[in-house]
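Okay, so here's the structure we're looking at.
Where a number appears in this text, it was derived from the coordinates with a stated rule and is not lab data. No experiment lies behind these values; they were computed from the predicted model shown. Here Cβ is always computed from backbone atoms with ideal geometry, including for glycine, and neighbour counts include all displayed protein chains.
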């Protein structure tokens with residue numbers, strides 16, 4: 001009789017363990033398909049987005065005939081990304097990642113089509129609206145990295161997120177080079193010279209929307225919620241921990257603010273994501289101006305920015321591996337050290353092109369580690385139901401803060417120089433450092 005009672009006690013646990021084990025291959029298979037689908041759309045979509053920083057600025061300058069208005073027009077896509085991050089996150093919370101991401105890419109395709117019209121009709125209205133709408137593509141690009149973690153266990157979320165970040169570098173490097181092929185297309189189609197590049201952009205962004213709709217099935221966020229509801233908590237183990245939303249998935253943003261206010265870990269991760277974006281954009285924006293002021297030509301400036309982009313993306317998988325193996329706080333610390341090296345190189349060698357280039361490469365590497373680790377940590381440290389809204393809040397805050405940083409970087413550099421700008425950027429990271437120190441002290445006391 002005692003043996004039977006013991007058998008009864010252990011039977012539910014054994015059945016749950018078997019059920020969880022049998023479900024794991026399905027979750028793992030869906031996760032692999034999810035990452036492949038996100039990567040495919042990311043490569044093509046970022047080609048379209050990559051046109052904006054180069055051809056978009058040229059078009060803005062041509063239409064407005066003003067460097068000031070051209071700069072403001074360029075900021076329109078960043079503001080658009082910030083504005084789109086909020087509704088796309090809410091849409092993901094309600095209807096899943098497929099609907100949110102495909103909508104973002106589709107809206108950006110409409111924006112690119114408006115830029116073709118702007119070039120053809122010399123229309124400032126179409127220019128500003130088009131640039132604003134293309135920001136939705138950037139918002140979709142950023143949300144895609146979070147979508148890669150919906151079904152990833154905690155031991156693999158960093159690498160899954162980093163993979164999607166890394167493949168985006170392919171499109172980011174191809175897009176800026178579409179000016180010449182676009183001019184050839186424009187000539188053959190009877191379009192304005194700068195309009196051809198945006199034809200390519202519109203087609204690429206529309207293709208990303210279609211690929212997302214067709215390939216991102218089953219929806220990773222909805223699948224994660226289903227797995228979380230159907231699998232007992234004690235049977236999920238590492239594979240199921242952190243998957244999906246078991247509570248009301250309405251994703252109101254005021255709930256996201258409350259969660260950030262109540263969770264110190266989430267605040268630290270949030271600060272890391274936003275601070276890394278501000279520092280990177282502010283310094284990168286002014287580096288070409290600084291180099292040009294010292295007599296460097298377009299070839300050197302272009303090479304410096306290209307090396308910076310390589311630093312941002314090339315080692316993203318390494319940043320993801322460090323995040324998974326050593327933990328997000330350790331990876332953020334690596335990013336802070338890399339940022340510190342960048343600031344030292346910028347301050348000590350502001351008159352040296354080689355040292356400024358080194359500073360830009362280290363800046364990109366620091367951004368990579370802090371962004372990957374902070375994003376992964378943020379996803380893992382908040383309640384499931386609030387996750388999409390907080391992720392969208394992080395993206396929106398990053399873009400708004402980066403736009404503000406880019407706007408203020410020019411007056412700051414004019415007032416205090418490139419080295420002074422670097423020191424101000426270093427001060428921006430002090431809240432992250434203080435938060436990590438407080439967390440370490442609390443853990444030591446515990």
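I need the shape label for region 362-446. Rule: rounded when a/c is under 1.5, else prolate if a/b > b/c, else oblate, with a, b, c from the alpha carbon gyration tensor. Could you put the intermediate results ahead of the total?
Numbers: a/c = 2.55, a/b = 1.49, b/c = 1.70.
Oblate shape, in that a/c is at least 1.5 and b/c is the bigger or equal ratio.
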Selected from 274, 416, 164 as most flexible by GNM, with the chain as the system and alpha-carbon contacts under 10 Å: 416
Relative contact order (%) - criterion: Cα under 8 Å, at least six apart; region: region 23-246: 33
Length added when fully stretched, residue 257-residue 177, from 0.36 nm per residue minus Cα-Cα: 24.8 nm
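What FRET efficiency do you get for residue 66 and residue 215 if R0 is 41 Å and r is their Cβ-Cβ distance, rounded to the nearest 0.05? Don't skip to the answer; put the middle values down first.
Values: r = 43 Å, r/R0 = 1.04.
Efficiency, from the Cβ-Cβ distance: 0.45.
Go ahead and run the numbers for FRET between residue 184 and residue 294, Cβ-Cβ distance against an R0 of 35 Å, rounding to 0.05. Walk me through the intermediate numbers first.
Values: r = 35 Å, r/R0 = 0.99.
Once rounded, the FRET efficiency stands at 0.50.
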Helical contribution to [θ] at 222 nm, DSSP H n ≥ 4, -39,500 (n - 2.57), averaged over the chain, rounded to 500: -29500 deg cm²/dmol
Debye log10 I(q)/I(0) at q = 0.08, 0.09, 0.14 Å⁻¹ for region 23-246, Cα point scatterers: -0.31, -0.39, -0.78
Square roots of 5 times each gyration tensor eigenvalue, C-alpha, region 123-181, largest first, Å: 30, 16, 5
Estimated inter-spin distance, residue 265 and residue 120, nm [label 7 Å along Cα→Cβ]: 5.4
GNM flexibility winner over the chain from 301, 390, 52 (Cα, springs under 10 Å): 301
Fluctuation leader among 29, 311, 45 - the chain, Gaussian network, Cα springs under 10 angstrom: 29
Calculated log₁₀ intensity ratio I(q)/I(0) where the Debye formula runs over C-alpha points of region 248-446, q = 0.09, 0.11, 0.12, 0.19 Å⁻¹: -0.35, -0.51, -0.60, -1.27
Volume per residue that the Cα convex hull of region 317-403 spans, once the total is divided by residue count, Å³: 94
Between region 193-230 and region 378-446, the Cα center-to-center distance that results, in Å: 29
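Report, please, the projected area of the chain averaged over directions, based on the convex hull of its C-alpha atoms, in nm². List each step's numbers first, then the result.
Numbers: hull surface 92.1 nm².
If I average the Cα hull's projected area over directions, I get 23.0 nm².
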Segment residue 321-residue 344, extension gain: residue separation times 0.36 nm, minus the distance between their alpha carbons: 5.6 nm
Relative contact order [Cα under 8 Å, 6+ residues apart], region 248-446, whole percent: 38
Helix 316-326 vs. the chain, principal-axis angle (Cα, 0 to 90°, nearest 10): 30
Residue list for region 396-435, given a label point 7 angstrom along the Cα-to-Cβ vector of residue 337 and an amide N cut-off under 17 Å: 433
